[in-house]
Amino acid sequence: MPLIIMCGFPCSGKSRRTRELKEYFLKSTERKVIVIGDDTVGIAKNSVYADVQMEKSLRGTLRSEVERMVNKDDVVILDSMNYIKGYRYELFCLVKHAQTPQCLVYCITTPEDSSTWNTSRPPEERYTQEILDSLVMRFEPPDSRNRWDSPLFTVQKDDALPLVAISDAVFRRKAPAPNQSTQSQPLSSANFLHQLDRVTQDVLMAILNSQKTFVPGDVLTVPGATEKIELTRSLNMVELRRLRRQFISYSKMHPTEDMGQIANMFVQYLNRNMK
């Protein structure tokens, strides 16, 4: 069933609105309501949001939890800032693949209000002012003209939450139709999985071997690829294996007809995700 994505500055009332939605759906639909968010995965937010890689890992964890929990029976609410446009697009593609509706609830506050609400929290729950200011500065507000930000419900701090309209949007609206980019397809050939496994493993071994003499900024050529690996930092086996698993999962869903491009596709994927 539907995914409801909360969005807003830190300390903008997202969790309060999430509780309102949960209570409403439990009473009006008798469906299970699953809340996923920063609090449910147990993070030290000042540490996470001060580190680009840790924050990126958090978004991946939340997205994976959404993907795992979205089903035909329950309501899933993602209670996080969801402030990056590209990340909201990834969630949109996820629900298209799951063939379930979604909507976005945007909790609007001024930076001053968010800062005031932040200081009223217990010390252990506060953002540092530096982290809060940085997140506000980086915030990419949703736009209802974007299909991944629609339907969009904007809520000021003193507004009543439009519960009935939100319910109609996710229960009476058809799920977005799957397209070629989100619909699972049969593997393009019986040899595809074997090639995928072999090529990605060869690329990983080339990276690990090169790191014995690696200097940050080196450009690495790998077997079977015309694209180059941009080595900006050292990568350990655990991280490389995780990226390889993610790429293989994606490739099974979106198999290429040209198996000669697997290495280039993997290199492009690594360059985007390992910085």
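The values are calculated or read from the model by the stated rules, or taken from the named source; none is laboratory data. Predicted model, so just to flag it, every value in this text is computed and none were measured. Reconstructed Cβ throughout: ideal geometry from the backbone, glycine too, with neighbour counts over all protein chains shown.
Which of the residues that make up region 1-20 are under 22 Å from W117 (Cβ atoms), in a strand (DSSP E or B) and among the hydrophobic types (A, V, I, L, M, F, W, C)? Step through it out loud before you land on a result.
We begin by selecting, within region 1-20, every residue under 22 Å from W117 (Cβ atoms); these are 4-20.
Next, from what is left, pick out any that are in a strand (DSSP E or B): 4-8.
Correct list: I4, I5, M6, C7.
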Quiz item: Can you tell me which of Y49, Y89, Y83 is of a type in the set (S, T, Y) and surrounded by fewer than 16 Cβ atoms within 10 Å (Cβ to Cβ)?
Solution: Y89
Self-check item: First in region 30-52 and closer than 15 Å to E130 by Cα, second anywhere and surrounded by 12 or more Cβ atoms within 10 Å (Cβ to Cβ) and polar (S, T, N, Q), Cβ under 6 Å, 6 or more apart
Solution: N46/T128
Self-check item: Flag if V95 is modelled with pLDDT of 85 or more, crowded, with 18+ Cβ neighbours inside 10 Å and assigned to a helix (DSSP H, G or I)
Solution: yes
Exercise. Collect the residues in region 141-162 that are at pLDDT 95 or above and either among the acidic types (D, E) or part of a helix (DSSP H, G or I) (or both), keeping them in residue-number order.
Key: none
Quiz item: Pairs under 8 Å by beta carbon, first residue more than 19 Å from T232 (Cβ to Cβ) and in a helix (DSSP H, G or I) in region 251-275, partner at pLDDT below 75 and among the small types (G, A, S), six or more apart or different chains?
Solution: M253/S184; M259/S188; M259/S189
Exercise. May I ask you to verify whether S167 is assigned by TED's automatic domain parsing to the domain that holds E23, modelled with pLDDT under 95 and either under 18 Å from K14 (Cβ atoms) or over 19 Å from the mean Cα position of the chain (by Cα) (or both)?
Key: yes
Exercise. Kindly list, by first and then second residue, each pair from a residue in region 140-151 that is of a type in the set (F, W, Y) to a residue that is modelled with pLDDT under 95 and not in a loop (DSSP other than H, G, I, E, B), limited to pairs with Cβ atoms under 7 Å and residues at least 6 apart or on different chains.
Key: W148/R88; W148/Y89; W148/F92
Quiz item: For region 77-87, does any single residue satisfy the condition of being of a type in the set (A, V, I, L, M, F, W, C), over 30 Å from I262 (Cβ atoms) and either modelled with pLDDT under 90 or not assigned by TED's automatic domain parsing to the domain that holds E55 (or both)?
Solution: no
Quiz item: For S114, which of the numbered conditions (1) in contact with a strand residue (DSSP E or B) (Cβ under 9 Å, 6 or more places away or on another chain); (2) under 30 Å from R272 (Cα atoms); (3) hydroxyl-bearing (S, T, Y) fails to hold?
Solution: (2)
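Taking the criterion of being modelled with pLDDT of 85 or more and either surrounded by 14 or more Cβ atoms within 10 Å (Cβ to Cβ) or part of a helix (DSSP H, G or I) (or both), would at least one residue in region 172-194 satisfy it? So that I can check it myself, show each step before the final result.
Narrowing region 172-194 to residues modelled with pLDDT of 85 or more: none.
No.
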Practice problem: Kindly check whether there is at least one residue in region 209-225 that is of a type in the set (D, E, K, R), modelled with pLDDT under 85 and within 30 Å of R31 (Cβ to Cβ). | Solution: no
Quiz item: How many residues does region 199-232 hold that are part of a loop (DSSP other than H, G, I, E, B) and without any contact (Cβ under 8 Å) to a residue 24 or more places away in the chain?
Solution: 6
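For R241, state whether it is part of a helix (DSSP H, G or I) and surrounded by fewer than 17 Cβ atoms within 10 Å (Cβ to Cβ). Before the answer, list the steps.
On the way: part of a helix (DSSP H, G or I): yes; surrounded by fewer than 17 Cβ atoms within 10 Å (Cβ to Cβ): yes.
So R241 passes the test.
Per-residue answers, yes or no, for (1) at pLDDT below 95; (2) in the same structural domain as Y127 (by TED's automatic domain parsing); (3) out of contact with any strand residue (DSSP E or B) (no Cβ under 9 Å at 6 or more places or on another chain):
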| residue | (1), (2), (3) |
| --- | --- |
| R17 | no, yes, no |
| E20 | no, yes, yes |
| L26 | yes, yes, no |
| E30 | yes, yes, yes |
| I34 | yes, yes, no |
| D38 | yes, yes, no |
| V41 | yes, yes, yes |
Quiz item: Going through region 21-38 one residue at a time, which ones are surrounded by 14 or more Cβ atoms within 10 Å (Cβ to Cβ) and assigned to a helix (DSSP H, G or I)?
Solution: L21, K22, Y24, F25, D38
